[in-house]
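Worksheet for the structure shown next.
All of the numbers you see were taken from the coordinates with simple rules; none came from a lab. From a predicted model like this one, the values you see are computed outputs, not experimental measurements. Methodologically, a virtual Cβ is constructed for each residue, glycine included, from the backbone with ideal geometry; neighbour enumeration extends over all protein chains shown.
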Amino acid sequence: MVLPLSFEFFPTKTPEGAVKLRAVRQQLYAMKPEFCSVTYGAGGSTHDGTFGAVREILTEGTDAACHFSCIGATRDTVRTQLAELKAMGVKRLVALRGDLPSGYGAGGEFLYASDLVRFIREETGREFHLEVACYPEVHPQARSPEADLQAFATKVRAGADSAITQYFFSPEAYFRFVDEARALKLDVPIVPGIMPITSSTQLMRFSDACGAEIPRWVRLRLQSFGDDVDSIKAFGLDVVSQLCERLVAGGAPALHFYTMNQAAATLGVLQRLGWHAQP
Ligand SMILES: Cc1cc2nc3c(=O)[nH]c(=O)nc-3n(C[C@H](O)[C@H](O)[C@H](O)COP(=O)(O)OP(=O)(O)OC[C@H]3O[C@@H](n4cnc5c(N)ncnc54)[C@H](O)[C@@H]3O)c2cc1C
């Protein structure tokens, strides 16, 4: 059984990067994703790059989701950008709080992603399909797992249509989170976010920042490979493919890949699952 797929990219900083990313997208389009999404720098720092990439994806004939973070934003700036996205033909948003680099005061008129979801619904009704983030291993700033689950519930009740998880390597954390959400009568699809492993230093840096747990046995093996990139990739492919197999077997509704703007690692996992490019 092939599940719906989505692929996440970040906006590039140079024209050469944009050319490379176009080629990456073409490779991934062969898997017929339901949509591709583009991240948005908190505080609006990547506005042009994000909106430009979203526009390109739509022009290439694939549905695009624009990530939209509200930290530091005002109602007026959000209203203006929603109008811009609507005029571009965007139908899908990933509504987030975002993280400002340390040293920046948050400011702005939105405290949490739930405030953004509520505002978008008030302003634009059902114009956009709204995705939100959730955290099977608990958001690093949450007061407690229960408080984080309640924060997720607030986003769903404010009008989110579906959710994408932070990446994780323990399927048990995902299944438990889904069970807890269902117990609160939150019935939106909760799509696992999948991080292919291609570099151990990058993975450890990201995981420390976002609170994703790398199981000890995975961490130790990655460390033991040192600079041997081929071994890291081969082991990463095994780990992430087996994770996906368990998620699919356990009823995940779709898979969302954090592609890191590369096609090979994501395509490798999909091939292991026996999911091949479609004509
Ligand atoms: C799928 C996905 C995509 C992402 N894309 C981007 C991106 O494009 N750009 C970017 O900058 N970041 C992105 N992020 C990272 C995200 O912005 C950070 O994880 C951020 O710290 C939290 O965003 P959120 O939308 O989950 O926030 P929120 O849902 O607002 O939660 C933030 C924290 O506040 C707590 N909280 C929420 N509501 C309340 C309340 N009422 N009272 C007390 N506490 C509360 C939560 O428990 C949590 O600890 C993404 C994350 C994921 C999982």
Residues whose built amide H sits under 5 Å from the amide H of V94, excluding neighbours closer than 5 in sequence, are C66, H67, F68, E131
Shape descriptors of region 13-138 over alpha-carbon atoms, Rg and Dmax in angstrom, are 14.9, 43
Loop-resident GluC sites (Glu not before Pro) in region 126-171 with no more than 15 other Cβ atoms inside 10 Å, DSSP not H/G/I/E/B, are E127
Per DSSP, the loop-located chymotrypsin sites (Phe, Trp or Tyr not before Pro) within region 169-199 having at most 16 other beta carbons within 10 Å are none
Karplus ³J(HN,Hα) for region 203-210 (6.51 cos²θ - 1.76 cosθ + 1.60, θ = phi - 60°; Hz, whole; x = Gly/Pro) runs 4, 5, 5, 4, 5, 4, 6, 9
Inverse of <1/r> over all distinct C-alpha pairs of region 5-272, i.e. the Kirkwood Rh in Å, gives 19.1
Low-density loop trypsin sites (Lys or Arg not before Pro), region 69-161, at most 16 other Cβ within 10 Å, DSSP non-H/G/I/E/B, are K91, R126, R143
Relative contact order of the chain (C-alpha contacts under 8 Å, at least 6 apart) in percent is 20
